[in-house]
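Every number in this text was worked out from the coordinates using simple rules, so none of it is lab data. Here the structure is a predicted model, which is why all the values come from computation and not from measurement. In this analysis, Cβ positions are derived from the backbone assuming ideal geometry, glycine residues included, and neighbour counts consider all displayed protein chains.
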Amino acid sequence: MDIITGYTGSPHVTAEQDRDVNIGIFGAESYVLRTGSQLKAEVSSNNEIKVRDGVIMHQGCAASIKKNTYDSLTIANGSQGMKRVDLIVARYSRDQNTKEESLVLKVIQGTPKESGPAVPGYTIGDIQAGDLIADMPLYQVTLNGLNITEVKQLFATQDSIAELSSNLTKANSKITTTNTNLAKTNTVLENRKPIIEDSTAQGTVNWDTNKFLKSGVTYAFVVTVSSNLNSENYKQEISCALNSVNMGDNGNYYKLTSTFMGKCSKGDKLHITSYKNGGTWTLFATRAIFIPVS
């Protein structure tokens, strides 16, 4: 074992070690961190886009644009009567001979077409696996004739640990409020405590009531799913089924609190499923409360 954060008498920390630490904290994906201007893009002219200050975490590799500055990127001239899509990427590269590494912004120019221009390809790469190039798409730039008509953000931002903790606290508060309201409406069952099941599984939750409900009792249940995606650019849908019969859906937003209600008894099965069109979960907490009613 080699110490990383410690003095050994000579330089010893490698870029690979530092990236591994970052991957352990942020994950192996690529994000823009919530600091500075978060790499905001500004169109200065039809030939220049400025990317403002911020920090990216690209497969564990950190890079920044200095605060209160920007990187200037040149967009090649468009053509009259033609459309084109360019990509702005953050490109990691390593020189095979010198082993020197860099992470810089680059424009990948697309091919002009009269209609339906294709988005140019880029190199996905795996930095920790030793790939020489790995691109992180940041923006999709659309040109119509000579003019830039759209600059579309492609990256996700990553909350800090403090923000993630705050989101979890808010979700727990909503669940607590739900529990309190249910307790008030079921005072007639004061000697029969509700059964509570929690799950932190992401995306899919399966409950077999054989494991926790009592035989011969009918239960009213409320299932609450608090689910957040890492960017408002994505959408999600949450569904609940009882014994393979769909009870309802909730969705079309990146932050959701979904509630499903019904009656069941021992042996019934509850199935929570989710669909998202991209991004990653920053929160997925599910709680089911079963209250005896007969």
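Distance between the modelled labels on LYS40 and SER215, one decimal in nanometres: 6.5 nm (7 Å Cα→Cβ projection).
Calculated FRET efficiency, ASN179 and ASN252, Cβ-Cβ r, R0 30 Å, to nearest 0.05?
Details: r = 27 Å, r/R0 = 0.90.
Here the calculated transfer efficiency is 0.65.
If R0 is taken as 45 Å, the Cβ-Cβ distance between ALA201 and MET82 corresponds to a FRET efficiency of 0.35. Against the chain, whose longest principal axis is taken from its Cα atoms, helix 161-185 shows a tilt of about 20°. Computed about the Cα centre, the dipole magnitude for segment 236-294 is approximately 160 debye when only Lys and Arg (+1) and Asp and Glu (-1) carry charge, each at its Cβ. Here the Gaussian network model covers the chain, with springs between Cα atoms less than 10 Å apart; of GLU100, GLU48, GLU16, GLU100 fluctuates the most.
Modelled label positions at LEU146 and MET261, each set 7 Å beyond Cα in the direction of Cβ, lie 6.3 nm from each other. Where the only charges are on Cβ atoms (+1 Lys, Arg; -1 Asp, Glu), what is the dipole of the chain about its Cα centre, to the nearest 20 debye? For the chain, the charge dipole is close to 1160 debye. Taking each DSSP H run with n ≥ 4 as -39500 (n - 2.57) and averaging over every residue of the chain yields -4500 deg cm²/dmol at 222 nm.
Residues LYS184, LYS266, ranked from the fewest to the most other C-beta atoms within 10 Å, line up as LYS184, LYS266. Between 0 and 90 degrees, the angle of helix 15-26 with respect to the longest Cα principal axis of the chain falls at about 30 degrees.
Comparing Cα centroids, segment 252-294 and segment 98-172 end up 33 angstrom apart. For LYS113, the lysines whose Cα comes closer than 22 Å to its Cα, not counting residues fewer than 8 places off in the same chain, are LYS83, LYS152. Only Lys, Arg, Asp and Glu carry charge here, each on its Cβ (+1 for the first two, -1 for the last two); on that basis segment 15-157 has a dipole of about 480 debye about its Cα centre. Kirkwood radius for segment 15-59, taken over all pairs of different Cα atoms as the inverse mean of 1/r, rounds to 12.0 Å.
The count of lysine pairs in segment 161-292 with alpha-carbon distances below 18 Å, taking only pairs 8 or more places apart or on different chains, stands at 17. Of THR209, ASN277, GLY81, which is farthest towards the positive pole of the chain's charge dipole, taken about the Cα centre with +1 and -1 on the beta-carbons of Lys, Arg and Asp, Glu respectively? About the Cα centre, the residue reaching furthest to the positive side is THR209.
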